[in-house]
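Heads up: the structure comes next, in structure tokens.
Computed from the coordinates by the stated procedures, all read-outs in this text should not be read as laboratory data. These figures come from a predicted structure and were not determined experimentally. We place every Cβ from the backbone using ideal geometry, glycine too, and count neighbours over all the protein chains shown.
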Amino acid sequence: MNTPFVSIIIPYPKDNPFLQECMEHCLKIDYPAYEIILLPDGEETHDWAHTQIIPTGKIGPSEKRDIGLNNAKGEIVAFLDDDTFPVKDWLKNAVRHFENDEIAAVGGPAATPANDGPLQQVSGAIYESPLVSGKYVYRYLPKTKQYVDDYPSCNLIVRKSIMEEIGGYNSFYYPGEDTVICLKITKELNKKIIYDPEALVYHHRRNVYRAHLKQIKNYALHRGYFVKKFPETSLKPAYFVPSAFTLGVVLGPLVGVFSSFLMSVYVLVLTGYLISVFYSSFNHKSAKLFQHLFLGIIVTHLTYGYWFLVGLCSKKMREEKAALNEQAATS
């Protein structure tokens, strides 16, 4: 197998314990030819091997990644978040796919690490539940190798030539910047993105409930907006299911006032849903977290459902408004 030089690109605001852990694992990767590009807001000094640090100022992750791309020496660029860390053979398992010229990018699962705290483990278990992630559960657990058309940037390895051809991230969206580049790769260039369960990294989760639900809100808001902006990858029935559930929960009793039959259907469906959530939560590896997981799945559905509808009805995202204001101020 060829061993192309790889540039690992990690954007982050400032030094933190997660970054230290990420670097500890990156420096132990079993791969002969790679560099690490760190992109903090301000000046930092570290003595890590084959690592360059490029202060960027307070800009978004997409802009940071583009700076990393412009300074990368590698034929392949591998994007990580600072709160992730790769397994030892991460690059070896990902890079082998580039022997196929049709493969433009490789994504792998971002699993919950064992050293996360209990409330972080609940957040991870929520993402891992088929009731929440549906067929996209492979993003959080190793599953069958497959082609995908949309993949998160926390574990995405791409040919540098492809990134240059599509103009880099060149996006002010966050989250959702990965949707934009994956759309360009698969639809504009007609290239393939492959998911490999062995290209594994671990991704620290946020505590339930507040931090977890804030993340869900941002995901849902942008996905709802992207249904209109990028329908090629976002106009999918699965993304509408939580909103249908949320509307059903709210409107069901109102409709049921006028029809005992519809009220019976509402109660039956809601009971079936709660039983499904109970069963999914009860079967989790930690029985002590059952009540948090049970409630967490429900509020995740409701939060996603509501904010997806908000995004669907929005004319602009906050990032677009900020970009337009900045453009007007400088013109």
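Between the helical axis of 17-26 and the longest alpha-carbon principal axis of the chain there is an angle of about 60 degrees.
The ellipsoid that matches the Cα gyration tensor of the chain has semi-axes, each √(5λ) in whole angstrom, of 36, 23, 19, with the longest given first. If you run the Gaussian network model on the chain, springs between alpha carbon atoms under 10 Å, then out of HIS46, HIS222, HIS203 the most flexible one is HIS46. To make sure I understand the rule: partners must be aspartates and glutamates, Cα under 12 Å from the Cα of LYS143, and not fewer than 8 residues away in the same chain. Which ones qualify? Result set, ordered by chain and number: GLU128, ASP196, GLU198.
Rank SER276, VAL180, PHE261 by how far each Cα sits towards the positive end of the charge dipole of the chain (+1 on Lys, Arg Cβ; -1 on Asp, Glu Cβ) and give me just the farthest. The Cα lying farthest towards the positive end belongs to PHE261.
Please state the charge dipole magnitude for the chain, taken about the Cα centre, from unit charges on C-beta atoms (+1 on K and R, -1 on D and E), reported in debye and rounded to the nearest 20. Write out the running numbers ahead of the final one.
Working: 34 positive and 34 negative charges, 270 e Å.
I would put it at about 1300 debye.
Among THR271, THR233, THR51, the largest mean-square fluctuation in a Gaussian network model of the chain (Cα springs under 10 Å) belongs to THR271.
Between the C-alpha center of the stretch 1-52 and that of the stretch 67-144 there is a gap of 16 Å. The calculated 222 nm mean residue ellipticity attributable to helices in the chain amounts to -15000 deg cm²/dmol, summing -39500 (n - 2.57) over DSSP H runs of n ≥ 4 and dividing by all residues.
In percent, how large is the relative contact order of the stretch 1-140, given Cα pairs closer than 8 Å and 6 or more residues apart? Averaging sequence separation for qualifying contacts and normalising by length gives 28 percent for the stretch 1-140. Cross-link reach is defined here as a Cα-Cα straight distance under 26 Å, omitting same-chain residues fewer than 8 places apart; for LYS73 the lysines meeting it are LYS14, LYS28, LYS58, LYS64, LYS88, LYS92, LYS160, LYS184, LYS191, LYS192.
Considering only ILE297, ILE29, ILE193, the mean-square fluctuation computed in a Gaussian network model of the chain, springs between alpha carbons under 10 angstrom, is largest for ILE29.
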